Amino acid sequence: MNRIFSGIQPTAKMHIGNYLGAVRHWVRLQDSFDAIFCVVDLHALTQPQDPAELRQATRELAATLMAAGINPERSILFAQSSVAAHSELAWLFSCVAPLGWLNRMTQFKEKAGKKREQAMLGLYSYPVLMAADILAYLATHVPVGEDQKQHLELTREIAGSFNHRYGVEMFPLPEPQILGSATRVMSLRDGSAKMSKSDASDYSRINMTDDADTIAQKFRKAKTDPEPLPSEPDGLEGRPEAANLVTIFAALSDISTADVLTRFGGAQFSTFKSELADLAASSLAPIAGELRRLLDDPDYVDGVLRDGAARARGIADPVIARTQEIMGIHRV
Ligand code: AMP
Ligand code: TRP
């Protein structure tokens, strides 16, 4: 069976952008793949973190993934730091990945900004750790957003050059599953910016834990334009805020934007927004409820993570052993 691996950073609470753009697809992929999902806390350390908050965010993100439908009996769910193989393989790969490859990474350039000399080594080598995450499980498919495509390309290069250098068929070249059908959810305040946990305004996003009143208020205040909704998708061109709300409605109800517009074409935003708020509240309520239940039982969540880590080690440890052997490490 093909194996998927994906990771998500525990850097803030999950919002519907993460859910509709990534996690909801992961939930579905569990049916057709042997799936491994990782809360990548070591990656989170590449940016300054409050230690207590990071610890809490790791457990909370794991609980959110479970509440959203990641089934820890069928799939493996664990925290990156609890499986040493990730760090070990990252080191081994850092000895076969040329600086030139890392220098091309646009995410590093964006995140380091002008203060390149002060940027941490970990931020620079972030993509090597990501390659280790994936290849420690010999994963064949990686569902990621468009923004991670370059990192995955690097993963393939590292896998290929390792195999070539040592004359082995050790690592597969994992295929990106760019979540093409996945929704790119934009900020509720600015239709040209991605909905993001780093936006200063909480009104820019719907968090997975927002209650019905908050959701209704956020959609009411969401930026739109004065025109009523068009009756065909073409009419959304040049109207990014309107397009975003229609996209969210379509994704939540699992229908096309054309179908949304057949129903709401000609309607005022006030009507549409209130229907959208009801839909979002009823879709998210079961997830938020389950999340609250899980957060009341932290031992259960930690137990799932512990069990996930043990199963993950069962796959990754032999891969590390083989890799070390190939590279000439004397194992006693
Ligand atoms: P992040 O929390 O930014 O690391 O993102 C975690 C996952 O959610 C990644 O797969 C992203 O591609 C996805 N994601 C984040 N923000 C959005 C958004 N506004 N719309 C769609 N997908 C998103
Ligand atoms: N870099 C990814 C992101 O920011 C998270 C990530 C870490 C990941 N390791 C991974 C994604 C391995 C897929 C596979 O979204």
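Quick note: the coordinates plus some simple rules give every number you see, no bench work behind them. Quantities reported herein were computed from a predicted structural model and do not represent experimental measurements. Neighbour counts run over all protein chains shown; Cβ positions are idealised from the backbone, glycine included.
Take the range 19-53 and flag every residue that is over 14 Å from the mean Cα position of the chain (by Cα) and assigned to a loop (DSSP other than H, G, I, E, B).
Gln30, Asp31, Ser32, Phe33, Leu45, Thr46, Gln47, Pro48, Gln49, Asp50
Going by what's in this entry, would Ile178 be described as among the β-branched types (Val, Ile, Thr) and either within 12 Å of ligand 2 (Cβ to nearest atom) or touching an Asp or Glu at 6+ places or on another chain (Cβ under 9 Å) (or both)?
Against the criterion (among the β-branched types (Val, Ile, Thr) and either within 12 Å of ligand 2 (Cβ to nearest atom) or touching an Asp or Glu at 6+ places or on another chain (Cβ under 9 Å) (or both)), Ile178 qualifies.
If only one of Asp147, Asp190 is surrounded by 14 or more Cβ atoms within 10 Å (Cβ to Cβ) and within 16 Å of ligand 1 (Cβ to nearest atom), which one is it?
Only one candidate passes the filter, namely Asp190.
Between a residue in the range 64-83 that is under 17 Å from Asp31 (Cβ atoms) and any residue that is among the basic types (Lys, Arg) and outside any loop (DSSP other than H, G, I, E, B), which pairs come within a Cβ distance under 6 Å, given they are 6 or more apart or on different chains?
Correct list of pairs: Ile76/Arg311.
Hey, any hits in the range 252-269 for a residue that's touching a residue at least 40 places away in the same chain (Cβ under 8 Å), surrounded by fewer than 18 Cβ atoms within 10 Å (Cβ to Cβ) and not in a helix (DSSP H, G or I)?
Yes, the range 252-269 contains at least one residue that is touching a residue at least 40 places away in the same chain (Cβ under 8 Å), surrounded by fewer than 18 Cβ atoms within 10 Å (Cβ to Cβ) and not in a helix (DSSP H, G or I).
How many residues, within the range 1-36, are closer than 14 Å to Ala79 by Cα and in contact with a Ser or Thr (Cβ under 6 Å, 6 or more places away or on another chain)?
Qualifying residue count for the region: 1.
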